[in-house]
Amino acid sequence: MSYISFYTILVLVGQSKRIIKKEEKHERKQRFQTLHSGGESNPGNHSDICYRWCPVFGAANAYLGLRVGLTVSASIPAAVISMAIIRIIMKKNSILESNIVQTIGSAGESLAAGAIFTLPALFLWAAEGKGENPGLIEITVIALCGGILGVMFMVPLRNALIVKEHATLPYPEGTACADVLLAGEEGGSNASTVFKGMGFAAIFKFIVDGLKLVPSEINYTFKSLGGQIGTQIYPALIGVGYIVGPRISSYMFVGGLFGWCVLIPIILLFGSDIVMYPGTTTIAQIFAESGPSGIWGSYVRYIGAGAIATGGLISLIKSFPLICRTFAQAMKGLKNSGAHGTARTDQDLPMNVILISIAAVALVIWLFPAIPVNLAGAIMIVVFGFFFATVSARMVGLVGSSNNPVSGMAIATLLLKSMGMTGIEGMTGAIAIGSVICVIAALAGDTSQDLKTGYLLGATPKKQQIGELIGILASSLAIGGVLYLLHKAWGYGTAEIPAPQATLMKMIVEGIMGGDLPWSLVFIGVFIAIGIEIVGVPVMPFAVGLYLPVQLNACIMIGGIINLLMNRRKNVDQKTKDAQLNDGTLYCAGMIAGEGLVGIALAILAVFTIDPSSILKGFSLGVIGSIVVLALIILTLLKSSLWGKNRVKK
């Protein structure tokens, strides 16, 4: 989401900004279609590998999204790991084989993002006694319906968007992923970089959250002001900041700084002796008991929610002319695309399979009790889903996944669907419908990027589409277990798993149906977002920073600063810079995956009441230890990028 919901992160920042010239792209496409006229196996041949790796990427990104509110594209790490698997384990050397494995592996991330940004709201309501936890079958069916529709909608659009508009829609992430796969001779070293990131991040994560040898945060409170500044020391957050770059990370950090060093002191200064909803005691007492974080949780978080909702709608409104043109041009291209050729590179899933699949999913949506719609409502979900899929697929081709307003689409869906619905059944129904739409938009964007990669490499579209469906099936079966595991271990809305996006969606639905939101705080956030937009600052990253703890934003900012310093070096040629930045990106992608997997492992231990920190019997190295761990994380990143295999030789 892409932000997939609130800015999905670009995985290859440096390469995603390069728009390859039309002639170069055409020549490369022709060359690889000639080279790879065969040698591509069926996706089912890799199903055992992919059923293992796809849930891995999905689980890691689910944990990250529920922790920090952001997910990352899994295409690049999936690409390099697929090359390692194909060459080392399967003893093959085919770029198209690697492309199929990468396609299947990346599907898990998009489906996980669409699910985790909405479905945890159902667990939050159950914890409040307003309903029951969603069943595993319910989660699987919702994810599967959205995933299948997202892929099926993209099949007839492929010829119009990927082929006919090959020269005008660059699809930055898809092109970058093709570049990684094309660098076949570097596949082993690239894969080792990813695995190094996974390994080191796993060690650091276990030290911080498993053994609890050092505190996870370094904080400093301004006693006279009431504000607070600090940073977390998680490798995944530094990796996120490095990948999104200094611009986005700085906007997020400024948003956090505004909340914790401006809004919190203002609330304390003017309202310390009053009781203000949703708080139940005086603001001064909240501060005395919980410090700045108590004020943030009781008041600033709602201001941030208003800013995020406004930012999502602003992005949707600003994109509306492009959305209209996108849909019209896509439909025109679909109408004029004509019959597909019989060449291998022109083969899609048959249209009768697509129509039957869409009709079957519509019937499931209609008959499935968790989605409270009649047949007409199910058809409307399919129609709106096709519209959002078309918009998502073309917009990511133009501006990249990070600017795809999926969050705005999800919020708009909830706003429309919540009207006229009442009670907990209406609220859960709105979230279920929003989840289907969110997964559709996310999968359509991911599928279009993967199809672009395959088009550049000369892959068979039909086999890629089957691969996407395999990935969706594997991830749909796994995502319910991941959500239940994290809920059982820590519970959503806690410090360990705050689930910020799902909390926001829950607040929107409750506010529309019940009117029990602190609307004054929400509207403060609305007008802050409008003001930020007027002065020309991107609203969404600022709003996300305002909504999340400043310590989290500061850790992301550290990664952004490292990226900035590496990019601004003088006396280093651009080719070397790009190579080093790419190494850093792969290492950071590995760090994100490694921390996510250890987070899942710690959740499993928590379910069985196993506490690794009991080994140390409460021993801690304190803040000094936290500083040392933070320094080591930074040094390992620099070792794999600045001082790695592409270091400047004197």
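Subtracting the Cα-Cα distance of Leu605 and Met276 from their residue separation scaled by 0.36 nm leaves 114.5 nm. A Förster radius of 25 Å, combined with the Cβ-Cβ distance separating Val623 from Ile266, puts the computed FRET efficiency at roughly 0.30.
Our summary gives region 103-253 a relative contact order of 9 percent, counting only alpha carbon pairs under 8 angstrom and 6 or more residues apart.
With all protein chains present and a 1.4 Å probe, how do Phe270, Phe608 order by accessible area, largest first? Intermediate values should be presented prior to the final figure.
Working: Phe270 160, Phe608 135 Å².
My answer, sorted largest first, is Phe270, Phe608.
Computed with a 1.4 Å probe over protein heavy atoms only, the accessible area of Ile479 comes to about 10 Å².
Spin-label model, Phe222 to Arg247: label points 7 Å out along the Cα-to-beta-carbon direction sit 2.9 nm apart. Report, in listed order, any pair from Lys196/Lys463; Lys462/Lys506; Lys463/Lys488; Lys417/Lys452; Lys196/Lys575; Lys570/Lys645 with a Cα-Cα distance greater than 29 Å. From Lys196/Lys463; Lys462/Lys506; Lys463/Lys488; Lys417/Lys452; Lys196/Lys575; Lys570/Lys645, over 29 Å: Lys196/Lys463; Lys462/Lys506; Lys463/Lys488; Lys417/Lys452. Couplings 3J(HN,Hα) for region 534-549, derived from phi with the Karplus relation 6.51 cos²θ - 1.76 cosθ + 1.60 (θ = phi - 60°), are 5, 7, x, 8, x, 5, 4, x, 5, 5, 4, x, 5, 7, 9, x Hz, where x marks Gly and Pro. Relative protection proxy for 480-493, 530-543, 383-396, 356-369, from highest mean packing down: 383-396, 480-493, 530-543, 356-369 (other beta-carbon atoms within 10 angstrom).
At an R0 of 25 angstrom, the distance between the Cβ atoms of Leu565 and Ile530 translates into a FRET efficiency of 0.15. Ligands, DNA and RNA aside, Val628 has an accessible area near 80 Å² when probed at 1.4 Å. Loop-resident trypsin sites (Lys or Arg not before Pro) (DSSP state other than H, G, I, E or B) in region 549-611 with no more than 11 further Cβ atoms inside 10 Å of their Cβ: Arg568, Lys570. For the pair region 421-442 and region 454-476, the centres of their Cα atoms are 27 angstrom apart.
The values are calculated or read from the model by the stated rules, or taken from the named source; none is laboratory data. Just so we're clear, the structure is a prediction, and the values are computed from it rather than from any experiment. Cβ coordinates were reconstructed from backbone atoms using ideal geometry, including for glycine residues, and neighbour counts include every protein chain displayed. Quick note on the areas: whole protein, heavy atoms, side chains included, nothing else; ligands and nucleic acids left out. Shrake-Rupley method; radii C 1.70, N 1.55, O 1.52, S 1.80 Å.
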